[in-house]
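Colleague: The structure is given below, and queries will be raised subsequently.
The values are calculated or read from the model by the stated rules, or taken from the named source; none is laboratory data. Given the structure is predicted, the values throughout are model-derived calculations rather than measurements. Note: ideal-geometry Cβ built from the backbone for every residue, glycine included; neighbour counts use all protein chains shown. Heads up: the accessible areas ignore ligands, DNA and RNA and are worked out on the full protein's heavy atoms, side chains in. Shrake-Rupley method; radii C 1.70, N 1.55, O 1.52, S 1.80 Å.
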Amino acid sequence: MKNEIQDRPLLYQSMLEISDLYVDFSVLNGTIHALQGVSLTVEAGKTLAIVGESGCGKSVTAQAIMGLIPVVGGRITKGSIRFGGQTVYANDDTKLQKKEWAGKQIAMIFQDPMNGLNPTLTIGEQIAEPLVVHKGLSKSEGQKIAIELLDKVRIADAKLRIKQYPFEFSGGMLQRVMIAMSLASEPKLLIADEPTTALDTTVQNQILSLLAEIQREQSMALMIITHDLGVVAKMADQVAVMYGGRVVERGLSDRILASPGHPYMQGLKEAMPNLKKAEPLTAIAGTPPDLSKLYSSCSFAPRCRYGMKVCVERIPPLFSVRDQHTSACWLHHDAAPANPLVLDVPHD
Ligand code: SF4
């Protein structure tokens with residue numbers, strides 16, 4: 001399902017470049033530093049999976065790209081976002097050019113398709129609306145394309161289905177509708193935020209296969225946000241692992257899944273259920289970091305099985321693990337001990 005992986009620099013042909021992005025949210029008793037210096041790239045026609053547990057900043061990264069950070073309470077405080085070589089946001093008060101590209105060149109689908117659909121409008125009206133508004137098509141032209149798009153995402157009886165309302169569709173069908181809606185603008189990048197989490201396994205596989213097929217046909221880049229390493233293995237060319245509002249590991253998917261460099265990613269891999277062996281599941285001990293703090297050390301240190309003095313003194317930068325694979329862990333520093341002290345971190 002994955003595109004052919006070629007050895008080339010990660011920044012080659014970057015369609016989307018996020019550099020050193022910081023996002024804060026004001027809450028009643030302080031500030032949540034949701035992103036703390038995120039940098040990543042998505043290449044044209046390729047799939048990047050963003051992986052991490054809830055609250056690590058995956059969805060906030062997508063919101064920032066789409067210009068969906070709430071105006072009240074949310075703020076990009078530093079960094080830049082470039083798309084197709086143009087600056088979308090920079091820390092020089094360049095305004096988000098949201099109207100110019102969000103929903104046109106970049107589209108997004110969400111975990112719960114019901115939230116993205118209006119229950120009072122027919123499916124046809126909802127697919128056709130952006131075509132009428134953004135492309136100036138007539139309503140009948142919009143409906144005609146809506147039928148073609150439903151055909152494309154394999155919804156049978158499309159002519160009949162466009163006249164129906166969201167409650168008349170199953171969860172898997174609604175996700176197909178969301179994909180059809182996102183394709184209406186012929187985006188160059190599709191962001192899929194946990195697109196299959198709410199679906200059962202067989203429907204999940206159908207939706208992932210559909211996304212991969214459409215991506216190939218349209219040479220579209222795909223950013224898929226997930227906590228499921230099975231989805232990563234199936235779909236991603238590249239992976240960015242997030243923890244505590246930072247990217248802590250990134251590179252080619254096959255390399256990272258085969259041999260993760262960051263103890264957090266090692267823990268995620270060990271926590272994956274193995275249906276072939278009836279072994280007890282291993283969870284990562286402890287809780288996610290408190291994002292009301294700006295960390296000056298490794299935020300994974302309280303949960304990490306390795307113990308080095310530097311871990312609690314300085315934030316690890318991304319070190320090269322091998323070609324096309326970097327990890328923000330002091331274990332990969334040239335001066336790191338070959339056999340670091342292994343702490344007795346209890347596992348749940
Ligand atoms: Fe663990 Fe230290 Fe690496 Fe952080 S930097 S993940 S505490 S070994």
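Colleague: Looking at this structure, is Leu199 more than 16 Å from the chain's Cα centre (by Cα) and part of a loop (DSSP other than H, G, I, E, B)?
Modeller: Against the criterion (more than 16 Å from the chain's Cα centre (by Cα) and part of a loop (DSSP other than H, G, I, E, B)), Leu199 qualifies.
Colleague: Let me ask something additional. Restricting to segment 255-307, give me the number of residues that are away from the ligand (no atom under 11 Å from the Cβ) and among the polar types (S, T, N, Q).
Modeller: 6
Colleague: Among the residues of segment 323-341, are any touching a Lys or Arg at 6+ places or on another chain (Cβ under 8 Å), more than 10 Å from the ligand (Cβ to nearest atom) and part of a strand (DSSP E or B)?
Modeller: Yes, some residue in segment 323-341 is touching a Lys or Arg at 6+ places or on another chain (Cβ under 8 Å), more than 10 Å from the ligand (Cβ to nearest atom) and part of a strand (DSSP E or B).
Colleague: For Gly55, indicate whether it is part of a loop (DSSP other than H, G, I, E, B), in contact with a helix residue (DSSP H, G or I) (Cβ under 8 Å, 6 or more places away or on another chain) and under 28 Å from Arg255 (Cβ atoms).
Modeller: No.
To keep it simple, each residue is scored yes or no on (1) at pLDDT 90 or above; (2) open to solvent by 70 Å² or more (accessible area, probe 1.4 Å).
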residue: Leu268; (1), (2): yes, no
residue: Gly286; (1), (2): no, no
residue: Ala301; (1), (2): yes, no
residue: Asp323; (1), (2): yes, yes
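Colleague: Within segment 308-319, can one find any residue that is within 28 Å of Lys78 (Cα to Cα) and of a type in the set (Lys, Arg)?
Modeller: yes
Colleague: Let me ask something additional. For a quick check of your reading of the model, give me the residue pairs whose first member lies in segment 131-154 and is within 18 Å of Gln105 (Cα to Cα) and not assigned by TED's automatic domain parsing to the domain that holds Ile214, whose second is among the small types (Gly, Ala, Ser) and part of a helix (DSSP H, G or I), with beta-carbon atoms closer than 6 Å and at least 6 apart or on different chains.
Modeller: Leu131/Gly142; Val132/Gly142; Leu149/Ala180
Colleague: Let me ask another. Between a first residue in segment 297-311 that is under 10 Å from Leu331 (Cβ atoms) and touching a residue at least 12 places away in the same chain (Cβ under 8 Å) and a second residue that is more than 6 Å from the ligand (Cβ to nearest atom) and part of a loop (DSSP other than H, G, I, E, B), which pairs have beta carbons less than 6 Å apart while being 6 or more apart in sequence or on different chains?
Modeller: Hits for this filter: Tyr306/Pro340; Met308/Pro340.
Colleague: Conditions first: (1) touching an Asp or Glu at 6+ places or on another chain (Cβ under 8 Å); (2) not assigned by TED's automatic domain parsing to the domain that holds Leu48. Ala198 passes all but one, so which condition is the exception?
Modeller: So the condition that Ala198 fails would be (2).
Colleague: Let me ask you something else. Please go through segment 308-320 and pick out each residue that is open to solvent by less than 40 Å² (accessible area, probe 1.4 Å) and more than 9 Å from the ligand (Cβ to nearest atom).
Modeller: Phe319 - this is the single residue of segment 308-320 that is open to solvent by less than 40 Å² (accessible area, probe 1.4 Å) and more than 9 Å from the ligand (Cβ to nearest atom).
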